[in-house]
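Notes to accompany the following structure.
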């Protein structure tokens with residue numbers, strides 16, 4: 001039976017958190033995000049937009065190249081407004097060894113964990129930072145176990161002995177000095193937290209499940225102008241905005257707390273300008289400091305001159321290194337008004353203010369061109385760091401129905417527009433060398449005997465979560481369970497469900513002897529039978545056998561599709577039935593057994609009779625001819 005594991009680190013931070021980044025807390029959380037990102041095994045991403053591409057008619061045979069034009073047009077017209085990152089660590093990816101051992105009878109670990117989970121143990125051990133000297137031995141014991149990836153009975157016994165000693169100290173302090181008694185209880189509480197970490201490791205190490213940890217970040221995105229650019233326009237779809245508002249999107253936070261972003265080209269220009277100005281500023285500061293020194297040397301009163309020359313190096317260091325708002329005390333000699341005013345005037349270009357013996361840095365000085373502290377670039381800096389890390393470390397990017405997400409990500413960050421799908425593929429591959437789409441993985445024919453595999457994200461996630469017996473997603477009980485009560489169309493929860501679904505579907509595919517890595521770079525095209533293959537610039541693909549009987553159905557609004565009755569009628573000749581829903585329009589594909597390819601006529605008769613009985617409008621689709629005409633490649637989920 002599947003279960004989520006609840007755990008909390010010593011610092012109070014949960015192992016799975018929904019961390020909200022704003023322009024106000026960006027400086028605090030950005031380094032933490034970078035650290036977590038660098039250790040991720042894969043990253044699931046979801047975006048919400050101010051509008052999407054809407055086609056007036058449904059065409060299940062439209063090609064990826066045709067749909068690409070609509071996606072790019074929408075991505076140029078509308079804007080991302082929220083993005084969620086879920087960073088997965090631990091045993092989150094199936095390797096070759098896992099594939100081979102998945103069905104061995106004895107899957108139970110011997111207490112020694114994988115190197116990926118051992119890395120997670122080390123991270124948790126480092127987060128336990130004891131305040132009291134009496135609990136520091138527990139921190140050393142935790143690190144000893146983590147470095148070996150093994151929870152030994154001897155160390156557990158040693159930890160429990162420390163706990164017993166601390167309990168005795170509490171009993172001894174009872175009724176004596178209240179401060180000593182409460183302090184003893186604080187020390188015991190800290191010890192109990194360390195032991196809880198070790199006990200959790202012990203349970204997880206002896207579990208047959210893989211241990212996966214997730215931490216989620218999200219923030220709103222709001223476009224801004226860069227430098228002297230005319231105010232940037234923002235388009236919204238009234239239907240989309242109402243839809244998002246009905247799904248609890250906070251539009252006030254979007255405007256007031258969203259991280260600002262601009263095109264990378266504008267950010268690069270701003271960085272070049274800041275670098276140039278920084279060099280000029282350094283030169284200006286040197287000249288002004290030299291003027292200050294010359295002024296001191298020209299003072300007529302020897303004692304005043306000598307004392308200021310003695311203080312000059314300290315003043316220079318403070319000018320160059322002090323932070324805004326910082327104040328320092330200097331033993332300045334008594335200065336009459338003319339000299340005092342001259343000193344104050346010489347320090348003003350550095351952003352300094354002199355009051356009696358105090359010098360305060362009120363501003364950066366004559367220029368402040370740093371892109372680091374400029375709020376206009378917070379969103380851009382975070383997204384640049386995300387893309388840079390994904391590129392350099394080749395961390396898998398996981399999406400769900402991610403064609404639009406990729407189009408919006410590219411267009412929000414670049415001024416130029418790819419003119420063809422092939423060009424777009426190359427640009428995306430440069431940003432994200434490794435891409436998986438959970439929609440492509442769950443829609444393979446081999447899994448269509450499982451219900452809801454082609455349904456919405458939440459339904460598919462809940463369905464595979466209930467079937468899962470291989471992996472534990474460790475999260476904190478301090479946040480709402482991203483399951484039945486999760487808010488759909490919230491980028492943070494959707495990224496969590498996408499990443500969890502990726503963990504689950506790897507095992508569902510392995511159970512039918514399929515390696516998920518065969519579908520690297522395959523991204524579905526919503527409303528089409530075809531997929532984009534980001535690993536091939538010259539060809540796109542279909543994962544259904546092209547010769548399969550395929551139909552377009554139209555049902556009445558809210559009418560159920562009686563798929564099970566059709567499945568029963570075709571059970572002797574159909575290997576699986578594949579259904580894709582697009583509001584009232586549905587795509588129906590019959591995957592025939594290898595020995596039943598000659599039964600297409602019977603299939604057609606059964607499908608048409610089934611449609612007539614249920615009141616569906618049916619149209620047969622000639623997929624095979626379309627595949628040949630457009631150069632579409634058939635990619636099977638199974639190795640040849």
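Where a number appears in this text, it was derived from the coordinates with a stated rule and is not lab data. What you see is a predicted model, and the numbers here were worked out from it, not measured in a lab. Positions of Cβ are generated from backbone atoms using ideal geometry, with glycine treated the same way; all protein chains shown enter the neighbour counts.
Calculate, for residue 69 and residue 29, the FRET efficiency according to 1/(1 + (r/R0)^6) with r their C-beta to C-beta distance and R0 45 Å; round to the nearest 0.05.
That gives a FRET efficiency of 0.75.
Looking at region 545-634, the pairs of alpha carbons with a distance over 23 Å make up 22% of the total.
If R0 is taken as 51 Å, the Cβ-Cβ distance between residue 348 and residue 466 corresponds to a FRET efficiency of 0.15. Measure nothing fancy, just the Cα-based angle from helix 403-413's long axis to the longest principal axis of the chain, in degrees from 0 to 90, nearest 10. The angle comes out near 30 degrees. Pairs of C-alpha atoms in region 145-250 farther apart than 25 Å represent 60 percent of all such pairs. Hey, for a label at residue 591 modelled as a point 7 Å past Cα toward Cβ, could you say which residues of region 424-445 have their backbone N under 12 Å away? Within reach of a label on residue 591: 441-445. If you wrap the chain in the convex hull of its Cα atoms and look at it from every side, the mean projected area works out to 38.9 nm².
For the residue pair residue 415 and residue 633, what label-to-label distance in nm results when each label sits 7 Å from Cα along the Cα-to-beta-carbon direction? Here the modelled spin labels are 3.5 nm apart. Spacing of the modelled spin labels on residue 309 and residue 252, each 7 Å from Cα toward Cβ, amounts to 6.3 nm.
Here the spin labels are modelled as points 7 Å beyond Cα on the Cα-Cβ line, and at residue 155 and residue 572 they lie 6.3 nm apart. Sorted fewest first by neighbouring Cβ atoms within 10 angstrom, 236, 434 come out as 236, 434. Peptides 172-180, 564-572, 131-139 ranked from most to least packed give 131-139, 564-572, 172-180, packing being the mean of other C-beta atoms within 10 angstrom over each peptide's residues.
Rg over Rh for region 284-346 works out to 0.94, using Cα positions for both radii and the Kirkwood form for Rh.
With neighbour counts taken as other beta-carbon atoms within 10 Å, the residues 454, 460, 327 rank, fewest first, as 327, 454, 460. Every helix of 4 or more DSSP H residues in the chain counts as -39500 (n - 2.57), and over all residues that averages to -15000 deg cm²/dmol at 222 nm. Remark: the residue 127-residue 554 segment gains 148.1 nm on full extension, using 0.36 nm per residue and subtracting the alpha carbon distance.
Among 209, 400, a tally of other beta-carbon atoms within 10 Å of each Cβ gives an order, fewest to most, of 209, 400.
Computed over the Cα atoms of region 110-206, the ratio of the radius of gyration to the Kirkwood radius (Rg/Rh) comes to 1.05.
Relative contact order, percent, of region 485-617 when contacts are C-alpha pairs under 8 Å separated by at least 6 residues? Once normalised by length, the contact order is 18 percent. Averaging the sequence gap over all C-alpha pairs within less than 8 Å and six or more residues apart, then dividing by the number of residues, gives region 110-206 a relative contact order of 37 percent.
Once C-alpha pairs closer than 8 Å and six or more residues apart are averaged by separation and normalised to the residue number of the chain, the relative contact order reads 20 percent. Length available on full extension from residue 562 to residue 385: 0.36 nm per residue minus the Cα-Cα distance, which gives 58.9 nm. Between 0 and 90 degrees, the angle of helix 153-173 with respect to the longest Cα principal axis of the chain falls at about 50 degrees. Sorting 610-623, 578-591 by average packing, meaning the other beta carbons within 10 Å per residue, from highest down gives 578-591, 610-623.
Rounded to the nearest 0.05, what FRET efficiency is calculated for residue 192 and residue 291 with R0 set to 45 Å and r the Cβ-Cβ distance?
Numbers: r = 63 Å, r/R0 = 1.40.
Efficiency computed from Cβ-Cβ geometry: 0.10.
Between 0 and 90 degrees, rounded to the nearest ten: what's the tilt of helix 115-127 against the longest Cα principal axis of the chain? The angle comes out near 30 degrees.
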